[in-house]
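Everything on this sheet refers to the single structure shown next.
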Amino acid sequence: MPTRPYVIDEMISAKAIAARIEDLCREIQGEFKDTDKLVVVGLLRGSFVFIADLVRELDLPIEVDFLEASSYGDGMESTREVRILKDLRGAIEGRDVLVVEDIVDTGHTLNHVTHLLDSRLPARLKSIALLDKPSRREVDFKADWTGFEIPDEFVVGYGIDFAQRNRNLPFIGKVRFTQD
Ligand code: PRP
């Protein structure tokens, strides 16, 4: 449970997210226009809202799979140790794969996951993150597509949690603590 009271200020509206997803999907469709079936891999848990909106906007033949990686536990700081808690159900060798992430912060999670999936010899492996905090990066990693670059603010909503709360907000909000 969060220990200090806080409020959430809207940072990126649901409408702005939807508009950005439309643009991103046009680019993704261009990249994968010749695919027979794209495997869209959501990284649980944070990407569950983004992947749901993304696949409904994508006009491509797709399969959906999930992988659960965790590096934060219930705290606010990354432990830098990425654990695979749930692996893919399907094989990706020779397949076109798009990894979907909610946020790239230090970069450890997506860096680790893309290396892991790359070792399984997909035909093409691309990644997309809704949010990117480049100022927090600890490893040299950039997703192939990014929805929004944001400053180093503590964000919640649209799948992203604070101690498992607030994932169900339809927008991206900024946490503001109301007491020291
Ligand atoms: C969060 C977020 C990303 C990752 C980004 O996941 O969803 O997966 O951290 O941080 P990084 O770039 O510093 O690695 P978390 O481990 O909190 O799990 P969750 O998706 O279940 O919330």
Shape of segment 8-91, Cα gyration tensor, a/c cut at 1.5
oblate
Could you check how much of the accessible area of the chain is carbon and sulfur, as a whole percent, using a 1.4 Å probe?
47 percent
5 Å is the cut-off here: which amide hydrogens, built 1.01 Å from N in the peptide plane, fall below it relative to V97, excluding neighbours closer than 5 in sequence?
V39, R124, L125, K126
Surpassing 26 Å at the alpha-carbon level, of the pairs K86/K126; K15/K133; K142/K174; K33/K174; K37/K126, are K33/K174
Rounding to the nearest 20 debye, state how big the charge dipole of segment 13-153 is about its Cα centre with +1 on each Lys and Arg Cβ and -1 on each Asp and Glu Cβ.
200 debye
Along the charge dipole of the chain, which of V100, V155, L24 sits closest to the positive end, that is, farthest toward it, with unit charges on the beta carbon of Lys, Arg, Asp and Glu (+1, +1, -1, -1)?
V155
Springs between alpha-carbon pairs under 10 angstrom, Gaussian network model over the chain: which of I84, I128, I103 fluctuates most?
I84
DSSP beta bridges in segment 13-153: the antiparallel percent, rounded to 5, is 10 percent
Quick one: if you stick a label point 7 Å off each Cα along the C-beta vector at V139 and R56, how many nm between them?
3.3 nm
Under a 1.4 Å probe, what is the accessible area of segment 31-133 per residue, stated in Å²?
47 Å²
Karplus (6.51, -1.76, 1.60) ³J(HN,Hα), θ = phi - 60°, over segment 5-19, in Hz, Gly and Pro reported as x
x, 8, 10, 10, 9, 5, 10, 10, 6, 4, 5, 5, 5, 4, 5
So, in Å, what gap is there between the alpha-carbon centers of segment 110-173 and segment 13-27?
16 Å
In percent, what relative contact order does segment 33-129 have, based on Cα pairs under 8 Å that are 6 or more apart in sequence?
31 percent
At q = 0.12, 0.21 Å⁻¹, what log₁₀ I(q)/I(0) does segment 13-153 have when each alpha carbon counts as one equal point scatterer in the Debye sum?
-0.45, -1.41
In whole Hz, what ³J(HN,Hα) sequence does segment 121-133 give by Karplus (6.51, -1.76, 1.60; θ = phi - 60°), x for Gly and Pro?
6, x, 5, 9, 10, 10, 9, 9, 10, 5, 10, 9, 10
Can you run phi through the Karplus equation (6.51, -1.76, 1.60; θ = phi - 60°) for segment 44-50 and list ³J(HN,Hα) in whole Hz, with x for Gly and Pro?
6, 9, x, 8, 5, 7, 4
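Are there any GluC sites (Glu not before Pro) in segment 134-180 that are in a DSSP loop and have at most 15 other Cβ atoms within 10 Å? List them by number.
E138, E153
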Over the chain, calculate the relative contact order: mean separation of alpha carbon pairs under 8 Å at least 6 apart, over the residue count, as a percent.
27 percent
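The values are calculated or read from the model by the stated rules, or taken from the named source; none is laboratory data. Please read these numbers as outputs of a predicted model, since none were measured by experiment. Positions of Cβ are generated from backbone atoms using ideal geometry, with glycine treated the same way; all protein chains shown enter the neighbour counts. Heavy atoms of the whole protein, side chains included, go into the accessibility calculation; ligands, DNA and RNA do not. Shrake-Rupley method; radii C 1.70, N 1.55, O 1.52, S 1.80 Å.
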